[in-house]
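Let me begin by presenting the structure, written as structure tokens, before commenting on it.
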Amino acid sequence: MNINIYKTKEELSDKLSDYIIQNHLNGSIAVSGGSTPLLLFKDLSKKLKERRNLNTKFFWVDERCVPPDSDESNYKMAKENLFINNIFNSQNIYRIKGEIEPEKELINYNNILSENLLIDKKIPSFDLIILGLGDDGHTASLFPHEFLNFRNKEDCIIASHPSSGQKRISLSEKIINNAKEVIFHVTGSGKKYVIDEIINKTGNYKSYPASYISPKSTNLSWYLDFEASEMLTK
Ligand code: 6PG
């Protein structure tokens with residue numbers, strides 16, 4: 001496990017976007033939603049603004065079951081900040097259709113993964129998965145209250161947000177752990193305690209789904225800013 005710590009979230013995003021450009025433009029990448037990826041998307045599209053029709057394959061780690069023009073849509077944030085000016089070939093952008101009835105879209109998205117990714121031991125394998133982390137230890141849409149229901153799933157799952165009940169389509173733990181490389185991209189002091197528990201296997205780490213992210217490739221990295229890493233460096 002590699003832990004990369006940067007002074008600010010801006011410096012983190014600058015370095016992580018450089019790393020992705022140098023190592024993953026020809027591969028398959030699954031991106032997360034939430035607020036953290038916004039800076040990364042902006043840096044990637046700024047640094048690649050002269051490029052056109054790159055063949056990077058983009059997928060989502062998870063998506064809220066909302067229309068693509070909803071402010072809650074993970075796809076919308078990427079469309080507005082990353083997929084601009086045809087930098088990327090739109091044929092290779094595989095969004096989860098949040099507007100479709102979840103049970104139907106689950107089948108669709110599982111098929112998309114099987115048709116567009118390498119299958120390694122019957123499970124789709126991404127080149128890179130970029131994960132966020134919630135202060136409750138969730139990642140993707142693998143939430144503590146229902147995580148055990150999905151532990152043996154080899155496909156995507158339909159999750160429900162613990163407080164809003166909002167349905168989401170998410171990669172399963174097994175798919176995430178089948179990736180060649182997994183990166184946790186986490187910033188801000190609000191995550192410092194959960195990061196410390198997960199990395200140092202202390203406190204309530206066993207109740208955090210993010211604790212079970214352990215790619216078979218062993219290629220797991222954390223990209224943190226100072227605030228998020230504060231407990232680690234104490
Ligand atoms: C989502 C994400 C989710 C996110 C974490 C962190 O759809 O919300 O995939 O897992 O990565 O909740 O969110 P922030 O980046 O907003 O802290």
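The values are calculated or read from the model by the stated rules, or taken from the named source; none is laboratory data. Treat the numbers as computed from the prediction; the structure is a model and nothing was measured. Using ideal geometry, Cβ is built from the backbone for each residue, glycine included, and neighbour counts are taken over all protein chains shown. Note: areas computed on protein heavy atoms with side chains; ligands, DNA, RNA excluded. Shrake-Rupley method; radii C 1.70, N 1.55, O 1.52, S 1.80 Å.
In the chain, the DSSP beta bridges split such that about 35 percent are antiparallel, to the nearest 5.
Here the accessible area of the stretch 68-116 is 43 percent carbon and sulfur, with a 1.4 angstrom probe and all protein chains present. Entry note, the chain: the mean residue ellipticity at 222 nm calculated from DSSP H runs of n ≥ 4, each adding -39500 (n - 2.57), is -8000 deg cm²/dmol after division by the residues and rounding to the nearest 500.
Sparse packing (at most 12 other Cβ atoms within 10 Å of the Cβ) combined with a DSSP loop state is found for the following trypsin sites (Lys or Arg not before Pro) in the stretch 48-107: Lys49, Arg52. For the stretch 88-150 versus the stretch 160-234, the spacing of their alpha-carbon centroids is 16 Å. Rg over Rh for the stretch 120-190 works out to 0.97, using Cα positions for both radii and the Kirkwood form for Rh. Working note: Karplus 6.51/-1.76/1.60 with θ = phi - 60° gives the stretch 132-142 the couplings x, 9, x, 6, 9, x, 6, 9, 6, 10, 9 Hz, where Gly and Pro are set to x. Once you've got the Cα coordinates, tell me which of Lys47/Lys79; Lys49/Lys180; Lys49/Lys79; Lys42/Lys104; Lys15/Lys201 are over 21 Å apart. The answer is Lys49/Lys180; Lys42/Lys104; Lys15/Lys201. For the chain, the solvent-accessible area of protein heavy atoms averages 46 Å² per residue (probe radius 1.4 Å; ligands and nucleic acids excluded). Name the long-range amide H neighbours of Leu131: under 5 Å, sequence gap of 5 or more, or other chain; modelled H, no Pro or chain starts. Placed amide hydrogens put Ile183, Phe184, His185 under 5 Å from Leu131.
Counting other Cβ atoms within 10 Å, which GluC sites (Glu not before Pro) in the stretch 1-96 have at most 12 and lie in a DSSP loop? Answer in residue order: Glu50.
Couplings for the stretch 189-198, taken from phi via the Karplus curve 6.51 cos²θ - 1.76 cosθ + 1.60 with θ = phi - 60°, read 5, x, 9, 4, 6, 5, 5, 4, 5, 5 Hz in order; Gly and Pro are left as x.
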